[in-house]
Amino acid sequence: MYRTCGKNLPIASVTRLSSRGLSYTLPTIPLLENLRVGNQNLNGLFSNQTVNELWFKRGQHLIDHLNTLIEQNQIVGSHELNELISLSFHKPELYGVHAYASLLHNLQFFLESVKPVEGGDSAIEKASAESLLKSPEISETIPNEPSDTELRQWIIDSFGSMAEFRTLLLNSAKGIKGDGVTWLVARANHADLALRGSINKSKPDVIYSTLAVMNTYNAGIVDDSIRSGQITKLNKQKAANLALQNKEEGTTIKDQGDNLRLGSIEEAEAATLFSDRKLIPLLAIDSSSRNYLLDYGVFGKQQYLDNLWKCIDWDVVQARAPSRFRQSFDLN
Amino acid sequence: MFRGTFRQLPKGPAKVFGNCRLIHTVPKLRNVEQFTKNGIEGLYSPEGFKTAWLDYQKFLTLNLTLHTNGTENELRPPYQILLQTAKKTTEQHVFHFASQAHNNHFFFEQLSDKSSAKKTRPSRFLLERLADINLPTIDAFREQFLLAADSSFGQGWVFLVELPDKSLKILKCNNDGTPYYYGKNQSLDLNGSVDELTLDNLNKVKELAQNGEKDFTLPLLAINVWDVAFIQDYGTTGRADYLANVWECINWDIVNKRLFQV
């Protein structure tokens with residue numbers, strides 16, 4: 001289902017088992033390695049110095065901290081970075097491990113989604129304060145559209161048009177004030193499964209019908225199924241513990257007609273909105289300020305995002321995409 | 001003759017507030033000429049100072065002007081705007097610029113050259129208050145304070161604050177959090193797994209907000225832990241070095257005066 005052997009699919013992070021247990025090394029991104037060796041800019045997006053800061057210095061910094069924490073917490077066994085992220089999620093004591101692993105994963109995912117652009121008019125230079133006063137672009141013809149017709153059509157069907165998609169994607173990224181990543185994701189849910197009638201199968205195929213844009217913040221992760229509803233769950237757990245305790249002590253709480261109470265909006269959302277969703281990330285755009293401060297300056301976020309759009313490697317995005325499920329009939 | 005008549009013109013209209021507009025500009029720091037030329041000795045190069053203060057504060061105040069123009073907030077200074085918008089879910093965009101502008105100004109006011117900062121010391125009164133919260137020496141406080149600043153996973157602020165009962169507290173704020181209102185401290189990081197302590201704190205904040213509790217916390221000392229404050233001189237991984245240098249450049253005379261004394 002999930003095309004894993006596309007020609008441009010990046011090399012997975014290198015896991016190695018040393019005598020001390022699990023440890024990671026900085027993954028190899030061929031494009032960035034070449035830039036470093038040739039002392040070149042990532043044309044159209046980053047200067048050589050910024051590539052060095054963002055990946056080789058910061059990437060290594062994240063790896064070092066991750067390995068230190070892994071050793072401290074004595075995590076053993078061989079895990080891919082993704083597995084480590086999932087297995088450390090529900091353990092508060094491993095929050096540091098989870099955060100460093102996610103940050104590294106997100107950074108790698110982002111840097112593998114871009115390619116240099118030769119020529120063109122995207123300058124890497126510091127913007128001035130006046131750039132904040134510029135009117136936003138309203139042009140409907142946009143550069144660097146995906147060449148693959150299937151992916152193109154999927155985007156248009158999900159967002160209306162390429163221009164609308166570009167606006168939503170870049171404005172979502174612009175809306176992040178602190179650290180964060182904007183994602184293009186493919187979405188599946190049980191409602192779609194029911195449509196295909198595969199719900200009765202013992203192991204239904206996961207089918208992806210729509211594309212969506214979402215933001216994650218700091219070390220946030222895309223996977224909804226493990227991160228949603230934990231506050232509600234914890235609160236329920238706590239209430240249950242308290243009730244048990246009260247029962248043991250012999251005190252009873254008056255029944256306040258809870259059966260008749262309507263739940264809160266939060267409870268309703270937790271119960272319906274996220275539980276049956278599955279997301280696959282296709283594209284990541286890192287809009288944390290460190291990405292543009294060095295090359296584009298304090299006022300340069302818009303310029304950075306405009307340039308970034310032109311540098312998206314749609315071949316990689318396409319290779320990451322699951323095959324699309326089309327409804328054979330229209331419900332409307 | 002003409003002049004005479006002119007003088008007698010009523011001055012009224014100009015005073016009507018409907019005709020006034022507040023343009024937010026970069027506040028003038030005490031040593032701004034010297035800092036612009038030489039940077040802050042022991043902390044910033046001229047270029048680093050430009051990014052962290054001149055450019056960034058310009059970015060914040062310009063955005064604040066653009067976003068408050070023609071709204072109820074247009075006559076208010078950043079501090080009042082941040083208080084006005086803190087509870088409004090649809091105005092968090094404005095809150096961001098107000099809170100950041102206020103915090104960054106607060107941070108830069110307390111900085112000076114390393115050599116002159118060395119001549120200032122925390123007052124005995126401040127040290128006594130710190131001893132009350134189990135930080136008996138200034139080094140113990142430094143340790144705790146800088147650790148709080150260095151331990152977050154994103155952008156943020158760390159404050160030393162004074163509570164209504166006059167005790168002190170180290171307060172960590174994520175992103176654009178403000179020390180003035182508990183609902184917008186943003187001290188909790190709910191990105192990863194939430195432990196019981198965090199959950200209790202979250203529920204406590206909710207309860208306070210439901211009861212409409214007021215917050216009388218006041219900041220005394222702040223450190224800017226946003227990338228913009230150090231990336232130019234220290235790079236993406238230089239936060240720890242930057243924090244150590246900030247500590248050396250704190251003008252304690254300013255901080256001492258912020259502490260309320262009878």
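Every number in this text was worked out from the coordinates using simple rules, so none of it is lab data. All figures in this text were calculated on a predicted structure; none of them were measured in a lab. Neighbour counts run over all protein chains shown; Cβ positions are idealised from the backbone, glycine included.
With bins 10 Å wide beginning at 0, the percent of Cα pairs of region B:129-262 falling in each bin runs 11, 38, 36, 14, 1. Annotation: the residues A:179, A:224, B:200, sorted from fewest to most other C-beta atoms within 10 Å of their own C-beta, follow the order B:200, A:224, A:179. Peptide A:290-299 shows a mean partner chain C-beta count of 5 within 10 Å per residue C-beta. If R0 is 45 Å, the Cβ-Cβ spacing of residue A:237 and residue B:66 corresponds to a FRET efficiency of close to 0.45. Under 12 Å from the 7 Å Cα→Cβ point of residue B:216, by amide nitrogen: which residues of region B:160-190? Within reach of a label on residue B:216, which here means backbone N under 12 Å from a point 7 Å along Cα→Cβ, region B:160-190 contributes B:163-167.
Mean residue ellipticity at 222 nm, helices only, chain B: -13500 deg cm²/dmol; runs of at least 4 DSSP H residues each add -39,500 (n - 2.57), and the sum is divided by the number of residues. Based on the alpha-carbon gyration tensor of the protein assembly as shown and its eigenvalue square roots a ≥ b ≥ c, which shape applies: rounded if a/c is under 1.5, prolate if not and a/b is larger than b/c, or oblate? Because its axes are fairly even, with a/c under 1.5, the protein assembly as shown counts as rounded. Partner shielding of B:152-162 amounts to 3, given as the average count of beta-carbon atoms from other chains within 10 Å of each residue beta-carbon. Cross-linked pairs B:166/B:214; A:247/B:206; B:37/B:58; A:115/B:58; A:177/B:184: Cα-Cα separations exceed 22 Å for A:247/B:206; A:115/B:58.
Mind ranking B:171-180, B:189-198 by how tightly packed they are, going by the mean number of other C-beta atoms within 10 angstrom, highest first?
B:171-180, B:189-198
When the Cα convex hull of region B:31-258 is projected onto planes of every orientation, the mean area is 13.3 nm². Partner lysines whose Cα lies under 19 Å from the Cα of residue B:119, excluding those fewer than 8 positions away in the same chain, are identified as B:257. The residues A:88, A:128, A:147, when put in order of fewest to most other Cβ atoms within 10 Å, stand as A:147, A:128, A:88.
Counted by Cβ distance under 12 Å from residue B:92, the other residues give a net charge of +2, where Lys and Arg count +1 and Asp and Glu count -1.
Over region B:87-242, Cα pairs under 8 Å with separation of 6+ residues give a relative contact order of 24 percent. Once the Cβ-Cβ distance of residue B:167 and residue A:266 is raised to the sixth power relative to R0 = 30 Å, the FRET efficiency obtained is 0.30. If you take the Cα centroid of region A:77-155 and the Cα centroid of region B:49-126, the two points sit 30 Å apart.
Within 10 Å of each Cβ in B:182-194, how many Cβ atoms from other chains are there, averaged over the peptide?
5
Using a cutoff of 8 angstrom between alpha carbon atoms and counting only pairs six or more residues apart, the relative contact order for chain B works out to 23 percent.
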